[in-house]
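See structure below.
The values are calculated or read from the model by the stated rules, or taken from the named source; none is laboratory data. Values in this document were obtained by computation on a predicted structure and should not be read as measured data. Positions of Cβ are backbone-derived with ideal geometry, glycine not excepted, and every protein chain shown enters the neighbour counts. Quick note on the areas: whole protein, heavy atoms, side chains included, nothing else; ligands and nucleic acids left out. Shrake-Rupley method; radii C 1.70, N 1.55, O 1.52, S 1.80 Å.
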Amino acid sequence: MFKKLYTYRFELFCITQVMILFGSLIIPSALFENIIAPILFQLNLLAGIILIYKRKDLFWFFLVLLLASGFIFAYAALNEELPKLVNYIRVGIYFAFYFVVTYEIIKQVWSSQQVNKTVIYGLISGFISLGLIGFFLFLSIELAHPDSFQGGLLISQNIHPEVITEQLMYFSFITLMTIGYGDILPLTPLAQKATILIGLIGQFYLVIITAVVVGKFINQSKK
């Protein structure tokens with residue numbers, strides 16, 4: 001099955017990422033953050049396994065991450081509040097997954113001989129994955145040092161806990177795209193350095209990876 005789906009690896013990965021990003025637009029936030037989003041992250045992990053299907057070492061690593069994430073999801077379904085350690089483990093699982101899978105996506109896109117629809121999906125998926133890396137980095141900082149980020153709707157996180165994930169996701173992608181509206185601010189030195197890092201990564205991706213793909217496409221068109 002994985003062998004047949006491998007051809008559509010980037011498409012499947014990109015679709016699940018888009019659902020994670022924009023699912024809350026059509027599903028109530030509390031329901032989405034507590035139930036739907038964890039399921040979508042599980043599907044994204046599964047799509048990641050398909051993406052690295054030919055890498056047997058990474059295949060088993062991702063499979064372990066998928067099983068561990070599924071166990072935590074089941075644990076969360078049975079308990080109203082997760083212990084802080086479990087939250088750290090969950091964030092660590094996703095951070096490790098997106099760090100490794102982003103490297104693999106960039107590697108596959110970089111080494112592609114022809115630029116086609118699949119490569120474009122890979123290029124998009126890589127950029128979204130960088131935003132998700134930023135999100136889990138910011139979330140881990142906020143878990144370790146509460147109130148590292150302030151502004152926006154974060155003021156209401158005590159009443160609506162799901163707000164923190166939505167706002168940090170938003171802040172990560174706004175930083176990655178170097179838009180910087182200034183509605184959410186990193187207040188601690190660690191949060192500020194992480195923000196600089198994500199902004200730089202976004203620029204490097206656009207200037208280097210995207211430029212290489214565009215250059216290949218231009219040369220391909222000339223031939």
Determine the gain in length on full extension of the stretch Ser111-Ser156; use 0.36 nm per residue of separation and subtract their C-alpha separation, reporting nm with one decimal. 11.6 nm
Using packing as a proxy for protection, rank 71-79, 167-175 so that the peptide with the highest average count of other Cβ atoms within 10 Å comes first. 167-175, 71-79
For the stretch 96-103, in residue order, the Karplus 3J(HN,Hα) values (coefficients 6.51, -1.76, 1.60; θ = phi - 60°; whole Hz; Gly and Pro = x) are 4, 4, 6, 5, 6, 5, 5, 4
Once amide H atoms are built 1.01 Å from N in the peptide plane, which residues 5 or more positions from Gln150, or in another chain, come under 5 Å H to H? Leu185, Leu187
0 to 90° range, to nearest 10: angle between helix 56-78 axis and the chain longest Cα axis: 30 degrees
Label-point separation in nm, Ile15 to Phe71, each point 7 Å along Cα→Cβ: 3.0 nm
How tilted is helix 211-222 with respect to the longest principal axis of the chain? Cα atoms for both, answer in degrees (0 to 90, nearest 10). 30 degrees
Calc'd 3J(HN,Hα), the stretch 139-152, phi into Karplus 6.51 cos²θ - 1.76 cosθ + 1.60 (θ = phi - 60°), Hz, glycine/Pro = x, comes to 5, 5, 5, 5, 5, 6, 10, x, 6, 5, 10, 9, x, x
In order through the stretch 169-183: 3J(HN,Hα) via Karplus (6.51 cos²θ - 1.76 cosθ + 1.60), integer Hz, x for Gly, Pro: 5, 4, 5, 4, 6, 5, 5, 4, 8, 6, 7, x, 5, x, 6
Can you check how the C-alpha radius of gyration of the chain compares to 2.2 N^0.38 Å, as a plain ratio? 1.04
C-alpha long axis of helix 9-22 to longest principal axis of the chain, angle in °: 30 degrees
Measure off, as a whole percent, the carbon and sulfur share of the 1.4 Å-probe accessible area of the chain, all protein chains present. 70 percent
Lysine pairs meeting the criterion (Cα under 17 Å, 8 or more apart or interchain), as found in the chain: 9
Distance from a point 7 Å along Cα→Cβ of Ala211 to each backbone N in the stretch 87-110: keep the residues under 11 Å and list them by number. none
Please work out the average accessible area per residue across the chain, using the 1.4 Å probe convention, and give it in Å². 55 Å²
